[in-house]
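One structure is given here, and the rest of the page talks about it.
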Amino acid sequence: MAAPPQTLTQSQLLKTLTNLLTSTKTLNPETLKPHIPHLTQPLLLSIISSKTLASQPTTLLFFFRWAQAHTPSLTQCPQTLLALLPSLFTHHKFSDAKALLVQFIAADRQNDLHRLILHPDPTVPKPSKALLDTSIGAYVQSGKPHLAAQVFDKMKRLRLQPNLLTCNTLINGLVRYRSSHSISLSRGVFKHAVELGVKVNTNTFNILIYGYCLEHKFRDAVELLSRMSEFRCVPDNVSYNTILDWLCKKGQLNEARDLLLDMKNRGLFPNRNTYNILVSGYCKMGWLKEAMQVIELMTQNSLLPDIWTYNVLIKGLCREGRIEEALRLRVEMENLKLMPDVVTYNTLIDGYFEWRSDSEAFKLIEEMHAKGVKANAVTHNIIVKWFCKEGKLDEASDTLRKMEEDGFAPDCVTYNTLINEYCKAGKMAEAFKMMNEMGMKGLKMDIFTLNTLLHTLCSDKKLDEAFELFHTSTKRGYILDEVSYGTLITGCFKNEMANKGFELWDEMKEKQVVPSIATYNTIIGGLCQSGKTDQAFDKLNELIERGLVPDGTTYNTIIHGYCREGNVEKAFQFHNKMVEKSFKPDVYTCNTLLCGLCKEGMLEKALKLFNTWISKGKDIDAVTYNTLISSLCKEGRFDDVFDLFSEMEERKFEPDQYTYTAILGALTDAGKIKEAEEFILKMIDMGKLPGLPSKLEEVKNGVTETSVESDSSTGAYSEKIIECCFQGKYKDAMHILEESMQKGMTLSRDVYINLMNGLIKRRKGTSKAVKL
């Protein structure tokens, strides 16, 4: 057909193309080709909107798709699509309409269609119930349930009742969407759907139950089972299995048992999925006996275990190192004509590497090949993991290369395993090399590995590199989580970069990243160290409001903060208030309060607290005694000091350098030379003082083997002490001894013998002076 003359008007072209589309039963694309150069947006819209073609949806669909293929830019206008859809809806071509919407949404980066649906202009038909219903499904299918929810809101304002399928699709999309508020939004959709007269069904409730489980709100999920009867719905196996699965994953097996009993009371019988969930839960907790009992129960109820059941049980046995039993299960499988698959072999191979020899594991790999079971990426990753665990990083890297040669593409797990191990080994250059290699292959590290790198850099005090990785990771497509922020915040505080840590905290809040209790503890610790304990207390209230549960570290940090500021009274007030809220003080709490009291000169209160603590049977340690001994020494209460020292030994708490230093220093300062001498002799006899034999006989017999001083500073301290003893400056000698002990130095035997001789001479001199 010849090309149309250039003088044709738009109305003439409209008539010509309409005639071509309606004149023949069989549409021929070739007849339309000459008109391609003359197609415009207004012309296309006019043809699609033509009343003549409105009753021919197949023709309209043909023409639209033809235009998409030859003039794609003209079909990207949302008005054209919206003009086409009414004909499709009228003739019940809902699947075609939805397919067109999904296709359009994928290319609609500015969400022009969405705006036009919500706020139509005069050029498009008024949105119908069918359009709004179908749009909701299309936006959910396109991964944009938040936009679908806005379309639902429009239906609600117009008092249009959505289809049940639409409601379930939207609720499911919101529940599974990664957003902090999408699950709560799904419950709002449920509520409004009911108000609009939608007759919800069991599937609706099952989706909501899954949403509660995702948020770990298991009580709410169970309550929903009871509420179903209000809507004439009855729970099914899916309802119960969903909650059971989550309870078992979280190790709440007692709650799972109660729920299973409730299920049976309702007349529902566990199916194979129910039993498999229980087997998996028991195996995860290491309750293999109970898992076996579940399988016996299965067979009693005429439900034979499947290959999934056996694989889970074999994994549980391998995790516990019960390899022989796992192998017997494999034989049992084969007897039931259930042939072990790659999962079975991978589990056993992993078990052999963990509990047996690597040679046996490699034999099993050979057997796997001989039986025609093809290895997969997981098999290779197990081998890589084993080499890494053995510290054979070169062999692990070689396995990665061999994997590629065998036609297997290393996945994220392969690279992440190697990256993690390179980080642990301190080989950061190799870790980053692997990271770049991943990027070149279109793979990316998961957030766990990214966080491992951040942790390694922070541990190595390479904060600049850690910050660079942190800031560039978002450009690489990572969604930084609370662990990413928490790791870097902790690194900042450990490296005296508190301001940077607080800046990251503010950034977390801006980006609505919810901190974990560990990150809160870091911030609370930083505030306390900065003398801002009241602000730390505010953070405690904030984390409780967020639904987080403070731990012992949280409370102890704030108590320590108040004590550090000298506000012991406030520390006790806080302690008492938190105990009322189920906080269980530990030995660290006691030591912190004792130290605070002693520091403020409240020794009697400290002793009272100590006695109260012991009377209640609570734990104490060497630090508890050292704190009190040090304070008693400062006040010269040596009878109490030695009573505590004896009690300390009776309780099998080993006195340390701090204990000896405090007592010897205090005795020397008080001029109690005889007592100091006797204390040293006693410690030598017990072998407590460093560098000395435990037998006093060797000292008495004058055996003076001098150890070789490898540390020049230790030798210098020894020489100073001996020189002071020679000059009769025994008090100075004791001060030097105290300083050396604080530094953890090991002095030679002759140093102590010189001290002892000097102290004895001094005592004799003192006694002579008294006689004169």
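Taking each of Lys250/Lys389; Lys720/Lys743; Lys532/Lys618; Lys217/Lys539; Lys191/Lys509 in turn, the alpha-carbon distance tops 19 angstrom for Lys250/Lys389; Lys532/Lys618; Lys217/Lys539; Lys191/Lys509.
Between Lys729 and Trp355, the FRET efficiency from the beta-carbon distance, with R0 = 51 Å, is close to 0.20.
Listed options for Cα extents along the principal axes in Å are (i) 175, 70, 65; (ii) 142, 64, 59; (iii) 170, 63, 40. The value calculated from this structure is the one marked (ii). The helix-based estimate of mean residue ellipticity at 222 nm for the chain, built from -39,500 (n - 2.57) per DSSP H run of four or more residues and divided by its residue count, is -22000 deg cm²/dmol to the nearest 500.
If you average the C-alpha positions of region 123-166 and of region 324-395 separately, how far apart do those two centres end up, in angstrom? Centre-to-centre (Cα) distance: 51 Å. Ordered from longest to shortest, the equivalent ellipsoid semi-axes for region 570-687 are 30, 16, 10 Å, each the square root of 5 times a Cα gyration tensor eigenvalue. Axis of helix 272-285 versus longest Cα principal axis of the chain: the two differ by about 20°, to the nearest ten degrees. Taking every alpha-carbon pair under 8 Å whose residues sit at least 6 apart, the chain reaches a relative contact order of 3 percent. What is the angle, in °, between the Cα long axis of helix 358-370 and the longest principal axis of the Cα atoms in the chain? Nearest 10 is fine, range 0 to 90. Roughly 20 degrees between the two axes. Straight-line reach from Lys51: taking Cα to Cα under 25 Å and skipping same-chain neighbours fewer than 8 places apart, the lysines in range are Lys15, Lys25, Lys33, Lys93, Lys98, Lys126, Lys129. If you look at the Cα atoms of region 100-160, you get an Rg and a Dmax of 10.8, 31 Å. From the alpha carbon centroid of region 426-504 to that of region 41-78 is 52 Å.
Candidate cross-link partners of Lys363 among the aspartates and glutamates, defined by an alpha-carbon separation under 15 Å and a same-chain spacing of 8 or more, comprise Asp350, Glu354.
None of the figures in this text is laboratory data; all of them are computed from the coordinates on show. Just so it is clear, the model here is predicted, and its values are computed rather than measured. Ideal geometry is used to build each Cβ from the backbone, glycine not excepted, and the neighbour counts take in all protein chains shown.
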